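The values are calculated or read from the model by the stated rules, or taken from the named source; none is laboratory data. Just so it is clear, the structure is predicted and the values come from calculations on it, not from any experiment. All Cβ positions, even for glycine, are placed from backbone atoms using ideal geometry, and neighbour counts span all protein chains on display.
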Amino acid sequence: MTRIVRPYGDTTGDGMVQLSFTLPVPHDKRAEGAALQLASKMGIDAAMLVHAKPIGEAHTFFVVYGAATHLINLDEVKVVERDYPLLNPKEVNEAVKEKLGRKLCVVGACIGTDAHTVGIDAILNIKGVAGEKGLEYYRELRVVNLGAQVAVPDLVNRAVDEEADAVLVSQVVTQKDAHLHNTREMSAAFREALPPGRRPLLVVGGPRFDENSAAELGVDRIFSRGTTPSDVASYLVHRIVTAAPSEEPA
Amino acid sequence: MTRIVRPYGDTTGDGMVQLSFTLPVPHDKRAEGAALQLASKMGIDAAMLVHAKPIGEAHTFFVVYGAATHLINLDEVKVVERDYPLLNPKEVNEAVKEKLGRKLCVVGACIGTDAHTVGIDAILNIKGVAGEKGLEYYRELRVVNLGAQVAVPDLVNRAVDEEADAVLVSQVVTQKDAHLHNTREMSAAFREALPPGRRPLLVVGGPRFDENSAAELGVDRIFSRGTTPSDVASYLVHRIVTAAPSEEPA
Amino acid sequence: MSAAPLLRLDPDQVARARSLAERAAGPVVDMARGHTTVSVERATLRLAGLTGADPEGIPWVNRLVDAVAEQTGLEHGVALPVFAALAAGDHPDLTRLAHASAAGGVEFEPPTGTARTTARNLARAAVASGFDRIDAQRRTRSDMVDTIGDPPQRPWIYLIVATGDIYEDIPQAQAAARAGADIIAVIRSTGQSLLDYVPEGATREGFAGTYATGENFRLMRAALDETSREVGRYVRLCNYASGLCMPEIAALAGMNRLDMMLNDCMYGILFRDINPVRTFVDQRFSRQIHARAGIIINTGEDNYLTTADAVEAAHTVTVSQLLNEYFAHEAGLPDGLLGLGHAFEINPEVPQSFRLELAHALLARQLFPDAPLKWMPPTRHMTGDVFRGNLLDGFFNLAGVMTGQSILLVGMMTEAVVTPWLSDRDIALQNVRYVLDAAGGLTEDFHPPADGFIARRANEVLGEAVDLLGKIVDDGLLDAIADGTFGIMKRPPDGGRGLEGVAERAEDYYNPAVEALDGGDAA
Amino acid sequence: MSAAPLLRLDPDQVARARSLAERAAGPVVDMARGHTTVSVERATLRLAGLTGADPEGIPWVNRLVDAVAEQTGLEHGVALPVFAALAAGDHPDLTRLAHASAAGGVEFEPPTGTARTTARNLARAAVASGFDRIDAQRRTRSDMVDTIGDPPQRPWIYLIVATGDIYEDIPQAQAAARAGADIIAVIRSTGQSLLDYVPEGATREGFAGTYATGENFRLMRAALDETSREVGRYVRLCNYASGLCMPEIAALAGMNRLDMMLNDCMYGILFRDINPVRTFVDQRFSRQIHARAGIIINTGEDNYLTTADAVEAAHTVTVSQLLNEYFAHEAGLPDGLLGLGHAFEINPEVPQSFRLELAHALLARQLFPDAPLKWMPPTRHMTGDVFRGNLLDGFFNLAGVMTGQSILLVGMMTEAVVTPWLSDRDIALQNVRYVLDAAGGLTEDFHPPADGFIARRANEVLGEAVDLLGKIVDDGLLDAIADGTFGIMKRPPDGGRGLEGVAERAEDYYNPAVEALDGGDAA
Ligand code: B12
Ligand code: B12
Ligand SMILES: Cc1ncc(COP(=O)(O)O)c(C=O)c1O
Ligand SMILES: Cc1ncc(COP(=O)(O)O)c(C=O)c1O
């Protein structure tokens, strides 16, 4: 398989992409030129400006088609691949029972002002998602789901009270990077409240996270679009049950 | 007015754009990473991969949103602005009658295998376009519309026979750059057939031309989307009637 | 706005549904009449003219109500203790009284005897000036509609702005109105519903929405008045009377001439975990204010379908609409102000999903023929595939047109991605306009047969609604809510936020606003 | 595939329309019967088994027909001179004869007496083997349909591939079929219709389409046979029997089991400026071949609406459909092979445009209840706004479903931009699937009233069609075409391309294919 690829319109290597955006300029020839200038700066060759429509007096919306000149090197793609075995509920329960010797406690919440619980509920509630049951279904996991709009201090206190092994936080609202701010606030609060050895594993999830940014946000792992409960359960087993103490959350 | 602008999502300066494309790779995490790599190479910051859908087994379609980091400098935008006065039919007729002293002859055609005559007809036929009558309506213009799929040699012969002052060529099909090849072939044929002084003004038009590429294609002027007959008539007067002999088509 | 009946609904079932709703909701109304809340009391002080906030941004109405509650309890109402303190003469006005009280220098107690009469008269007069403002705004609205005119078409087109900054919202709202919006809804910042106070002043720092404040209301209404004159139709303004401060926001809305308010009988309970008792008490008061102000309420049945399946839970929408109707009528809202909600949220993969939507939409249309129904776009099954999204929104618009909906909340192709961009609104409006202009007349051709798929489905949902209402009547509404009947959320009556702000009214409870509103002397 | 009649059309008007069409087209059929063309003669040689091309790529059928025409004229037909020369024994087969003739070494003359009988028998036998191939392919098709099955739904989904390279086309076509296409149309290179020969072999160098060649047909059909088995439905293949080589392409299509061919009675005249007489002669022969091969023809009424206004010119579509129907019936095509075309091309800005589309679509559906109507997407009013484009395509799909169209040519959001990308097809198919699945049953609810907007419009168009047909009968069809009646194009009978390839048949004209086809011994 070739490791260098380009976008595909109708012929291998043609590089074709579609782009749309608004510019804060009234619609005239200069505005169209400006749109093409952007396309060219983005590396689009022989850009075709196929649509330009004034929105009010001060803005113009554009649609551009053209060939992106960039090459994509598949070998340079960084992805957080699953670096642990995928277990089914039975295997998870057995591992916890045998190796941990007690129930593994998970505390979940939507923090800050975020009230989008559907995502965390999909992971935690029995009902689950995509045909998989949620973590509540796992006999050896003890799940405490705090629901929506939980303040960070409340979350920390509760995690301490429950002696949580892992804290699962969902963030869906991303406007003004709310999800990033809230996640940083949360990880900082746990760092402040607990010494490294006693800190629960910190996991965040939500549809707009970049899975590569865990370190930057101070958490152990990020899960994005399309996560299923078994992804998470398997990861928890891997990190909390299987891993040697030396691999404690950093 | 500020001369440096960025795309506008919902806040000035946010830089937000929408992008879609297909990559010739099966859908998996690596493919998503590849899509983000492209977005990043195109200068999109914090790109959000909001949609990924397999098309068959070997391709994946993506939709990405994010902030384009490029700045657009409006002062650097190059546009072919109208550099001649816009005349109404009466003014055109008067100018031709007074200054040229004979009818101005225009020969029009779709060349090559292109059969899209609607565009050239919009410019030439009485019916016109966008509420304006076409060049046939102008008493002092003599219009010979050769229609579709005219071979370049036939066009040149007819232009010579008619002693055409201007040749108007339409090109709509752009696949494999057909429009560019055909235009170059046409301008070369005229250069070969006639000495500079006797060559008619060469004008091409069509929705996908870049108006800046006249010189490169060897023609005098290019008209693109949204051209109206009076744009063209005014230009012809400017170049053929008003202009001094020294400004003959190059 | 009565639509020609396209469905034959069993009239007995319809009557049964209404009477069950009354039986289910009646006890809750009694409970609401027997309680007050901090927000009801604060709203009363707002009507009486108390504005502003302390240097930390805590509104004076909060400081004053908290002070009174601390000293006397909430159960008597704050009006008499406050106006008795004012009558004592040490403080020239409510604001100065609040300042003094915050500094710890005022003692409150429920007055008795003639002091009580004096305080009551003062309180009545003060609150009356608030109602005067509301009444004047209502007259201004009807004058403007008379001279400028209403939108020429139904449904009215409802667009959202959500920048978080009132000064970005305003030009975007004006642009949207020029582009065809008949109603502008300013979305609130994510956290506001859980704030137990209303922020003060013009604000620029919301997340995914802009704070609802009196000043923001005023600024936006003024801007839209200007645009209304420019575009030749009265552009309505919508916000949220919802969350912990529902009554106060209703009062602010009335005094600043908002035209519509989101106000649902159970939304706060289910989706914000606000205490059920708090919610029902606040709701009754806020709806009475809306009735007085001539504000159309928008109920929130769409929200159920973001967590429950839109086919399985279709009847919960009907049940909630019937409850909302009962509560609204009881609070004095006529049918013409009842923007009952419903939504196009069926999974598009379900066979015949579009016709199921038509069935549900027609059921609502027919059950509430005189209500300005609010038709909400797909959200849950919208994905990052914006091309498909725009298509789905087109079919949503079509269903709205075919079934004679009154208010169309315009869907955005970027629903799953971002709060709307300028261009999203433009694309969405273009979509609406195409459907309205191209297919608006389809009602002439749309005649679902009496024994067909659509009629059968509508009657099936009605039947399920009647069954569920029967169960709710048996269990009691509060217990039904506790059991997770709506939106799959379980909310016990003693749980949730804001319970500490509720008090059972004492024998001597007095509230001049309640008196005016219950007296039913609305203009 | 008869649809339940949704419209009341005046039966007298319908009868009048058909009889006028017959009177208008009749004389043209007589003219066609009295002429032959180079392409008819070349097609005959192709049926007789002559294949291949000279080193310049000029097919041997061209070289041979040109040689015969030069020596004897075309008016006798080439079969007898050719088979007489072959019977002379110097050349083992047609190919070798063609080679020799190209080298100048063969003299042709129309044989007489027993030589004529011999030549005729040889020619008959040779051509019969061509018909055998066609008949065998027809049987194969019906066997495959029997065992593999037809698409489960109507309309059949028709998708285009247009890369210009048969080897890119094949995988794209297979992918499209897997994704849901029931019919794959391979678009031709822009220039091909004006070529007076059919290119040879597999080709990779078309512009905005791939050359129609026998070998390309064969390769694509084989690939789709494979995919048909894989997906469990027989995927049909479509191409163009149009342009200067219509008869030959029809023959190649029959022998290579194409399933549908674009073949219009006037397209070449109007849109390619091909001589009218040439066109009508070629057309009759090609349709006879299609009838023999069981190939569904697709007529090109959609094209009128790309140059004329779809409301003003709606009746020209109806007139053309009636003419196409007459010509097709006359050539032996039954209703079941009549893919009459029409299109969703009304300017979306026109008020009620969608309902006008429904009216036009229903008119066609009702006039031709047993024809597999081909419903074509918006093209002219598609713009670079691809979001709006996908929406319009959705409403096109809906109109197709609501009015019971048979073949749905899937519209692409990039219509105004590029020939379809892989992703465009995927988005377009998703659009079709949504509309079919979500709203497929709407026919149950769609009942335009007998005196309503839709019925009135349909009858109005029918009335205008009858009037125009009356005028055409008065003027004669050829003169009407010369006057610009269709698609605003004026095409005089002695103008246009390819006239030099037409000859009036001589008394002794003989063509074994014509004999077989006119004899009506089709399987
Ligand atoms: C349902 C919904 C609501 C419901 C929420 C009900 C509830 N109880 O959750 C209601 C109606 C209440 C609502 C309200 C609002 N919403 Co909302 N809502 C949505 C909607 C339609 C669907 C979200 C959803 O449920 N997705 C399905 C779940 C299963 O997906 P998911 O969250 O991505 O979760 C998966 C993964 O991400 C991952 N995951 C997620 N969390 C976690 C956590 C962990 C630990 C792990 C391991 C994995 C994980 O696993 C999950 C399963 O695979 C989206 C639009 C859309 N179509 O996406 C808007 C959307 C999310 N809402 C939005 C907004 C702005 C709001 C409001 C703030 C608007 C307002 N100002 O009033 C309000 C207020 C809410 C608040 N305070 O947060 C915006 C967010 C914009 C942005 N990017 O910032 C969206 C995108 C709509 C829009 N375009 O404006 N909303
Ligand atoms: C109408 C149409 C047809 C008609 C043409 C009828 C006719 N007599 O012209 C028919 C049905 C015959 C047709 C056929 C084909 N078409 Co076509 N067609 C279109 C369509 C729908 C509209 C084009 C049009 O009329 N635009 C309106 C005119 C007024 O606009 P315009 O040409 O841009 O002209 C304006 C300006 O550009 C300018 N201008 C244009 N020319 C000139 C010349 C001069 C001198 C000046 C001054 C100005 C000027 O002024 C005009 C007025 O403002 C487009 C899709 C679309 N919606 O755009 C496809 C499209 C152009 N067609 C296309 C194709 C591929 C074909 C075919 C080749 C397909 C095939 N293989 O069979 C065939 C064959 C045609 C051929 N040999 O060229 C493609 C081209 C793809 C590409 N970018 O290369 C398009 C984009 C559709 C698609 N997405 O596949 N087509
Ligand atoms: C009745 C009602 N209130 C409020 C909201 C908004 O949420 P929040 O309470 O976060 O402002 C909604 C959501 O659409 C609603 O339907
Ligand atoms: C009947 C018919 N033939 C042919 C074509 C295609 O054009 P061309 O003749 O260039 O192959 C069309 C266009 O759609 C058509 O409708």
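Out of the range B:174-227, which residues are aliphatic (A, V, I, L, M), within 14 Å of chain D (Cβ to nearest Cβ) and within 11 Å of ligand 2 (Cβ to nearest atom)?
Kept after step one, since they are aliphatic (A, V, I, L, M), are these residues of the range B:174-227: B:178, B:180, B:186, B:188-189, B:193-194, B:201-204, B:214-215, B:217, B:219, B:222.
Now drop any that are not within 14 Å of chain D (Cβ to nearest Cβ), which leaves B:178, B:180.
B:Ala178 - this is the single residue of the range B:174-227 that is aliphatic (A, V, I, L, M), within 14 Å of chain D (Cβ to nearest Cβ) and within 11 Å of ligand 2 (Cβ to nearest atom).
Considering the range D:202-223 alone, what residues qualify as being free of Cβ contacts under 8 Å to residues at least 60 places away in the same chain and either part of a loop (DSSP other than H, G, I, E, B) or within 16 Å of ligand 3 (Cβ to nearest atom) (or both)? It would help to see each step written out before you state the result.
Of the residues in the range D:202-223, the ones free of Cβ contacts under 8 Å to residues at least 60 places away in the same chain are D:202-207, D:210-213, D:215-223.
Residues satisfying the conditions are D:Ala202, D:Thr203, D:Arg204, D:Glu205, D:Gly206, D:Phe207, D:Thr210, D:Tyr211, D:Ala212, D:Thr213.
Residues checked against (1) among the basic types (Lys, Arg); (2) not in a loop (DSSP other than H, G, I, E, B):
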site	(1), (2)
C:Ala67	no, yes
C:Arg96	yes, yes
C:Gly105	no, no
C:Ala115	no, yes
C:Asn121	no, yes
C:Asp143	no, yes
C:Asp146	no, yes
Checked the range B:33-63 for anything of a type in the set (Asp, Glu) and under 34 Å from the mean Cα position of the chain (by Cα); matches are B:Asp45
Hey, can you tell me all the residues within the range C:364-406 that are within 14 Å of ligand 1 (Cβ to nearest atom), more than 14 Å from chain B (Cβ to nearest Cβ) and over 23 Å from the mean Cα position of the chain (by Cα)? C:Asp393
Specify the residue that is surrounded by the fewest Cβ atoms within 10 Å (Cβ to Cβ); the eligible residues are those in the range D:294-317 that are away from chain B (no Cβ under 14 Å) and within 12 Å of ligand 4 (Cβ to nearest atom). D:Asp302
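Could you tell me which residue of the range C:438-453 is surrounded by the fewest Cβ atoms within 10 Å (Cβ to Cβ), considering only residues that are of a type outside the set (Gly, Ala, Ser) and part of a loop (DSSP other than H, G, I, E, B)?
So in the range C:438-453, the residues of a type outside the set (Gly, Ala, Ser) come out as C:442-449, C:451, C:453.
Now restrict to residues that are part of a loop (DSSP other than H, G, I, E, B): C:445, C:447-449, C:451.
Working: C:Asp445: 22, C:His447: 16, C:Pro448: 25, C:Pro449: 13, C:Asp451: 8.
Within the range C:438-453, the match that is surrounded by the fewest Cβ atoms within 10 Å (Cβ to Cβ) is C:Asp451.
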State all residues of the range B:36-89 that are out of contact with any helix residue (DSSP H, G or I) (no Cβ under 6 Å at 6 or more places or on another chain), more than 7 Å from every other protein chain (Cβ to nearest Cβ) and assigned to a loop (DSSP other than H, G, I, E, B); if no residue qualifies, say none. B:Glu57, B:Ala58, B:Thr69, B:Leu71, B:Arg82, B:Asp83, B:Pro85, B:Asn88
Within the bounds of the range D:348-363, is there any residue that is within 14 Å of chain A (Cβ to nearest Cβ), free of Cβ contacts under 8 Å to residues at least 60 places away in the same chain, under 26 Å from the mean Cα position of the chain (by Cα) and over 18 Å from D:Ile183 (Cα atoms)? no
Restricting attention to the range C:420-433, the residues that are in contact (Cβ under 8 Å) with a residue 40 or more places away in the chain and facing chain D (nearest Cβ under 7 Å) number exactly 1
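If we scan the range B:24-34, do we find a residue that is within 19 Å of A:Val64 (Cα to Cα), crowded, with 22+ Cβ neighbours inside 10 Å and of a type in the set (Val, Ile, Thr)?
Residues of the range B:24-34 within 19 Å of A:Val64 (Cα to Cα): none.
No, every residue in the range B:24-34 fails to be within 19 Å of A:Val64 (Cα to Cα), crowded, with 22+ Cβ neighbours inside 10 Å and of a type in the set (Val, Ile, Thr).
Per-residue answers, yes or no, for (1) in a loop (DSSP other than H, G, I, E, B); (2) surrounded by fewer than 19 Cβ atoms within 10 Å (Cβ to Cβ):
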| residue | (1), (2) |
| --- | --- |
| C:Leu429 | no, yes |
| C:Leu436 | no, no |
| C:Ala455 | no, no |
| C:Asn459 | no, yes |
| C:Leu468 | no, no |
| C:Thr485 | yes, no |
Mind listing whichever residues of the range C:487-506 are out of contact with any strand residue (DSSP E or B) (no Cβ under 7 Å at 6 or more places or on another chain) and not in a helix (DSSP H, G or I)? C:Gly487, C:Ile488, C:Met489, C:Lys490, C:Arg491, C:Pro492, C:Pro493, C:Asp494, C:Gly495, C:Ala506
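From C:Val311, C:Val319, which residue is under 29 Å from C:Phe344 (Cβ atoms), away from ligand 1 (no atom under 15 Å from the Cβ), in a loop (DSSP other than H, G, I, E, B) and more than 13 Å from the chain's Cα centre (by Cα)?
Working: C:Val319 fails: in a loop (DSSP other than H, G, I, E, B).
The match here is C:Val311.
Any idea which residue in the range B:10-35 is farthest from A:Tyr8 (Cα to Cα), counting only those that are in a loop (DSSP other than H, G, I, E, B), within 7 Å of another protein chain (Cβ to nearest Cβ) and at pLDDT 95 or above? Spell out the reasoning first.
Within the range B:10-35, the first condition is being in a loop (DSSP other than H, G, I, E, B), and the residues that meet it are B:10-15, B:24-28.
If we keep only those that are within 7 Å of another protein chain (Cβ to nearest Cβ) too, we end up with B:10-12, B:24-25.
Next cut, at pLDDT 95 or above only: B:24-25.
Values: B:Pro24: 6, B:Val25: 10 Å.
Looking at residues that are in a loop (DSSP other than H, G, I, E, B), within 7 Å of another protein chain (Cβ to nearest Cβ) and at pLDDT 95 or above, I get B:Val25.
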Filter result for the condition that a residue is surrounded by fewer than 15 Cβ atoms within 10 Å (Cβ to Cβ) and either aliphatic (A, V, I, L, M) or at pLDDT below 95 (or both), over B:Leu141, B:Leu155, B:Leu86, B:Leu104: B:Leu86
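Kindly evaluate C:Leu408 against the criterion of being more than 30 Å from D:Leu6 (Cα to Cα), touching a Gly at 6+ places or on another chain (Cβ under 9 Å) and not charged (D, E, K, R).
Values: more than 30 Å from D:Leu6 (Cα to Cα): yes; touching a Gly at 6+ places or on another chain (Cβ under 9 Å): yes; not charged (D, E, K, R): yes.
It is true that C:Leu408 is more than 30 Å from D:Leu6 (Cα to Cα), touching a Gly at 6+ places or on another chain (Cβ under 9 Å) and not charged (D, E, K, R).
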Residues of the range C:381-400 being aliphatic (A, V, I, L, M), assigned to a helix (DSSP H, G or I) and either within 16 Å of ligand 3 (Cβ to nearest atom) or touching a Gly at 6+ places or on another chain (Cβ under 6 Å) (or both), which ones? C:Leu391
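Only one residue in C:Gly164, C:Gly130, C:Gly180, C:Gly149 is away from ligand 2 (no atom under 16 Å from the Cβ), on the phi > 0 side of the Ramachandran plot and crowded, with 22+ Cβ neighbours inside 10 Å, so which one is that?
Working: C:Gly130 fails: on the phi > 0 side of the Ramachandran plot; C:Gly180 fails: crowded, with 22+ Cβ neighbours inside 10 Å; C:Gly149 fails: crowded, with 22+ Cβ neighbours inside 10 Å.
Among C:Gly164, C:Gly130, C:Gly180, C:Gly149, only C:Gly164 is away from ligand 2 (no atom under 16 Å from the Cβ), on the phi > 0 side of the Ramachandran plot and crowded, with 22+ Cβ neighbours inside 10 Å.
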Taking the range C:188-216, which residues are β-branched (Val, Ile, Thr), surrounded by fewer than 23 Cβ atoms within 10 Å (Cβ to Cβ) and within 13 Å of chain A (Cβ to nearest Cβ)? C:Thr190
Looking only at the range D:257-278, and only at residues there that are in contact (Cβ under 8 Å) with a residue 40 or more places away in the chain and assigned to a helix (DSSP H, G or I), the one that is farthest from ligand 2 (Cβ to nearest atom): D:Val277
Exactly one of D:Leu469, D:Leu462, D:Leu409, D:Leu436 is away from every other protein chain (no Cβ under 11 Å) and either hydroxyl-bearing (Ser, Thr, Tyr) or out of contact with any Lys or Arg (no Cβ under 9 Å at 6 or more places or on another chain) (or both), and that residue is D:Leu462
Residue check: is D:Leu20 assigned to a loop (DSSP other than H, G, I, E, B), crowded, with 16+ Cβ neighbours inside 10 Å, under 24 Å from the mean Cα position of the chain (by Cα) and modelled with pLDDT of 95 or more? no
Among the residues of the range B:113-123, write down those that are within 12 Å of another protein chain (Cβ to nearest Cβ) and touching a strand residue (DSSP E or B) at 6+ places or on another chain (Cβ under 8 Å). B:Asp114, B:His116, B:Thr117, B:Gly119, B:Asp121, B:Ala122
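Report whether or not D:Val417 is outside any helix (DSSP H, G or I) and either of a type in the set (Ser, Thr, Tyr) or within 12 Å of another protein chain (Cβ to nearest Cβ) (or both). Talk me through it step by step, then tell me what you get.
Working: outside any helix (DSSP H, G or I): yes; either of a type in the set (Ser, Thr, Tyr) or within 12 Å of another protein chain (Cβ to nearest Cβ) (or both): yes.
Spelling it out, D:Val417 is indeed outside any helix (DSSP H, G or I) and either of a type in the set (Ser, Thr, Tyr) or within 12 Å of another protein chain (Cβ to nearest Cβ) (or both).
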Can C:Ile170 be described as closer than 25 Å to A:Thr113 by Cβ, within 16 Å of ligand 1 (Cβ to nearest atom) and in a helix (DSSP H, G or I)? no
